[in-house]
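*Asks:* Take a look at this one; I'll ask things after.
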């Protein structure tokens with residue numbers, strides 16, 4: 001009996017040690033090695049909630065594609081890819097962090113490229129970092145400068161060329177370069193935000209309804225453009241027209257099926273606003289059900305960047321900003337220079353007096369809904385191209401900024417949304433010069449609070465007597 005007990009006392013610790021050793025071996029060697037090196041070379045890459053993308057196109061100094069070159073990705077994950085006939089290459093990565101992309105030095109010398117190494121910072125779920133583009137045939141001023149509101153083109157920079165400069169740029173010149181780049185990005189984003197917000201402000205002016213589902217009209221426009229370009233293989237212009245038409249149609253359907261019956265039953269704006277919250281949630285999950293939770297790319301081409309003074313941009317960005325500005329100007333001319341526009345402003349000022357003057361208020365409101373949703377859809381197309389992707393909740397992410405813009409400019413005013421959007425866009429982007437990029441919207445909302453404390457009716461709003 002004594003011998004048996006002693007054996008148990010000896011064997012139990014031994015078995016525990018053996019079990020612990022086996023568990024440690026399982027933990028050390030039983031892990032799938034793919035998780036430590038999960039980067040993958042793919043033909044095309046679109047960011048999702050699970051992966052981010054590092055891609056580019058390899059061209060020589062004459063902009064001719066270079067095929068058959070091995071591109072190496074290093075960092076948290078590593079992989080190699082070979083450029084195709086058009087010079088394109090792409091990696092999908094699952095880990096956030098800093099990556100290094102390199103090509104053989106012999107290729108740089110043979111084709112007259114600017115660099116053989118590029119460093120990019122990747123972060124899933126961040127529009128500005130989920131898709132990183134690398135080019136070795138040109139060097140731009142600052143690839144990170146415009147990442148506050150856009151996935152900018154990350155340009156390869158050779159460490160040898162950087163160290164060969166006897167004296168680098170001063171801190172002041174670097175700051176000023178970022179200052180002008182962020183100001184430019186803020187203006188671009190403000191124009192697109194204004195295109196989103198002007199329709200929301202017009203709806204509020206004519207119906208006194210704050211629509212929380214207006215952001216989903218932005219998402220709808222971008223997703224319809226994705227359907228046109230990537231699923232139906234239409235040209236981008238045709239897809240954009242299709243998206244705007246679908247957005248306008250949904251505005252007419254909403255008014256006829258929901259808002260017009262509620263107005264006839266004299267349901268107040270507060271109750272209607274609650275309906276818009278429910279509609280917003282329903283539309284978000286409809287989008288997620290049909291399109292998934294990942295980011296959808298409207299275009300897959302890589303725009304060529306160039307310099308305008310201290311600002312790095314590309315032709316696509318300038319065209320998008322021009323479209324937004326032209327549409328806003330055309331909308332302003334419509335409001336002030338046409339009979340229907342004057343009727344719309346009359347309904348916005350005083351619907352009862354406009355009706356007594358012979359204006360068909362219901363017809364005006366119907367047209368306002370169609371125009372506002374069409375503008376939101378167009379904004380969705382532009383922002384989807386500008387941010388290199390559109391998701392099911394893109395509109396919801398910018399909804400608070402739209403409300404801030406229309407409140408800052410003055411609820412119900414014609415030009416208030418545009419001015420408020422420019423202020424919000426510029427302040428949000430330029431605040432990243434001094435605060436973390438993820439907190440840039442906080443400063444814009446702080447400006448909103450300060451302005452409302454000083455001038456509650458907004459910049460262009462009129463004081464109203466209550467009670």
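*Asks:* Between residue 349 and residue 70, what is 0.36 nm times their sequence separation minus the Cα-Cα distance? Round to one decimal in nm.
*Replies:* 94.0 nm
*Asks:* While we're on this one: Give me the Kirkwood hydrodynamic radius of region 314-363 in Å, from all C-alpha pairs, to one decimal place?
*Replies:* Across region 314-363, the inverse of the average 1/r is 12.5 Å.
*Asks:* Put a dot 7 Å past each Cα toward the Cβ at residue 253 and residue 336; how far apart are the dots in nm?
*Replies:* 3.6
*Asks:* Which order, highest average first, do 272-285, 93-106 follow once you tally other Cβ atoms within 10 Å for each residue and take the mean per peptide?
*Replies:* The densest-packed peptide leads the list: 93-106, 272-285.
*Asks:* Specify whether the C-alpha gyration tensor of region 299-401 places it in the rounded, prolate or oblate class, a ≥ b ≥ c being the square roots of the eigenvalues: rounded for a/c under 1.5, otherwise prolate if a/b is larger than b/c and oblate if not.
*Replies:* prolate
*Asks:* Next question, about the same structure. Going by the alpha-carbon gyration tensor, a ≥ b ≥ c the square roots of its eigenvalues, is region 351-467 rounded (a/c under 1.5) or, if a/c is not under 1.5, prolate (a/b greater than b/c) versus oblate?
*Replies:* Values: a/c = 3.20, a/b = 1.36, b/c = 2.36.
It comes out oblate by the Cα gyration axes.
*Asks:* Right, something else. With each pseudo-label sitting 7 Å past Cα toward Cβ, what's the residue 174-residue 245 distance in nm, one decimal?
*Replies:* So the two model labels end up 5.2 nm from each other.
*Asks:* Next question. How would you order 340-347, 325-332, 391-398 from highest to lowest mean count of nearby Cβ atoms within 10 Å?
*Replies:* The densest-packed peptide leads the list: 391-398, 340-347, 325-332.
*Asks:* Arrange the peptides 180-186, 228-234, 190-196, 41-47 so that the one whose residues have, on average, the most other Cβ atoms within 10 Å appears first.
*Replies:* 190-196, 180-186, 41-47, 228-234
*Asks:* Taking the Cα centroid of region 264-289 and of region 347-415, what is the distance between the two, rounded to the nearest whole Å?
*Replies:* 15
No value in this document is a laboratory result; all are computed from the given coordinates. Here the structure is a predicted model, which is why all the values come from computation and not from measurement. Positions of Cβ are generated from backbone atoms using ideal geometry, with glycine treated the same way; all protein chains shown enter the neighbour counts.
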